[in-house]
1. What is the helix-to-structure angle for 264-274, meaning the angle in degrees between its Cα long axis and the longest Cα principal axis of the chain, kept from 0 to 90 and rounded to the nearest 10?
2. Please list, in chain and number order, the residues 5+ apart from residue 60 or on another chain whose amide H is under 5 Å from its amide H, with Hs placed from the backbone.
3. Using the 4.7 Å Cβ rule, please list in number order the cysteines from the chain without any candidate partner.
4. Aspartates and glutamates within cross-link reach of residue 272: Cα-Cα under 13 Å, excluding same-chain residues under 8 positions apart?
5. With θ set to phi - 60° and the Karplus curve 6.51 cos²θ - 1.76 cosθ + 1.60, what are the ³J(HN,Hα) couplings of the stretch 181-189 in order, to the nearest whole Hz, using x for Gly and Pro?
6. In whole Hz and in residue order, list the ³J(HN,Hα) couplings for the stretch 58-73 that follow from phi through the Karplus curve 6.51 cos²θ - 1.76 cosθ + 1.60, θ = phi - 60°; x for Gly and Pro.
7. Running a GNM on the chain with Cα contacts under 10 Å, which residue among 192, 90, 276 ends up with the highest mean-square fluctuation?
8. Take the Cα coordinates of the chain, assign each an equal point scatterer, and use the Debye formula without solvent to give log10 I(q)/I(0) at q = 0.07, 0.09 Å⁻¹.
Amino acid sequence: MRFLLISIFLLAGLQASLAQACVNPIDKASFQEGFNLVAVQSTPAKKISLALIFIKDKCLQAAQVKTMAQLFTDDAGRFDFCKAAYERTTDKNNFYDVYDAFEKISYAFRLHDFVQSISAPQTPAPVSPLPVEQVLTFPRYSYPSSLNYKGVRGCQGPVVNNDEFMKIANNVYIQPTDEARQLAIQNAAKATCLDFAQAMKLSAMVSSEELKLKTLIAVFPQVYDLESYKSGIALFTNKNLQTEWLNFGAFQLAPPVEVCEESDADFEKVMKNLRTKFFDHERIKLIETLAIDHCFKVSQIKTMVNEISAAARKPDLLKKLYDKCPDKKNFYLLADDLFFASDKQDLENFIRSKSK
């Protein structure tokens, strides 16, 4: 919530009498570095603590004080920071801009009273009318409803209620950059259970469509109603980004691919059975039968084929084991076990043909 607090006249007369300990403000790059360090802190307490350390020996402009104050999630934290930052402000005549950082007007007045308390007494000026509260609104998209949702979930619920969501949304809104808003949205998704409509509304506050997509992708795994993801295309005017989002959502909800692989215990049973066969043709027949629905790794194939004494029978047997081998990238190693150079070349050609 932002306030149009017209109080220049309350501060203009008192600035001349205040000590100007700070003359040269911190440069933009150094301030941005400090801002980023504060922004990534995981708790409000850590943010305020690091921010106070940051300004202890630095001079800031009023606009920078306001920007840093907007990182904090509650007005009490903003108030404490602004009080400490006042003496470190180079342009105190612009300090009234900082009042806009507060959600509640009562804290703006508290900060004003604090400024007055450390200044020379001034003749009271008429009190300006109370500012009009700004109501946060969202784009008119077709938002999905999570009511009675029975599909795949990214968080177990309950979905955060509207009052709490609006607090989250206001915190995102006051962030000064797209990057800061993205971070605030990601932190909210980790701390609460958002439904997809809420994730859409928060992501809509990020102006860059590319960063908006990254934000939605980052929070999606924690969203309550994952199967509502198709509604997200409304966030993007770019067709390529719409397609990228739909592909991502579909991939996330696709059933996991079952890995076909023979366990060491099962392979030991296979080898015991194989070694009960006395003749090559019996062993080859067993291996060919197993190749139908078993997935042997290269190391296991090597062990089985070494049980075959007839060198001429090995190349064809290896080819039959290729399709279900889970580590095909290592299949070329089996050529080393073939006796004839022509067989080695034939197997290598076979592998290359399969990779096309």
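Any read-out appearing in this document is the output of simple, stated calculations on the displayed coordinates, not a laboratory observation. Predicted model only: the values in this text are computed from it and were never measured. So basically every Cβ, Gly included, is an ideal-geometry build from the backbone, and we count neighbours across all protein chains shown.
1. Relative to the chain, helix 264-274 is tipped by roughly 10 degrees.
2. Amide H neighbours of residue 60: 26, 89, 90.
3. 82, 325
4. 264, 307
5. 5, 4, 5, 5, 5, 4, 5, 5, 5
6. 10, 10, 10, 7, 4, 4, 6, 4, 4, 4, 5, 4, 6, 6, 8, 7
7. The residue with the greatest mean-square fluctuation here is 276.
8. -0.55, -0.70
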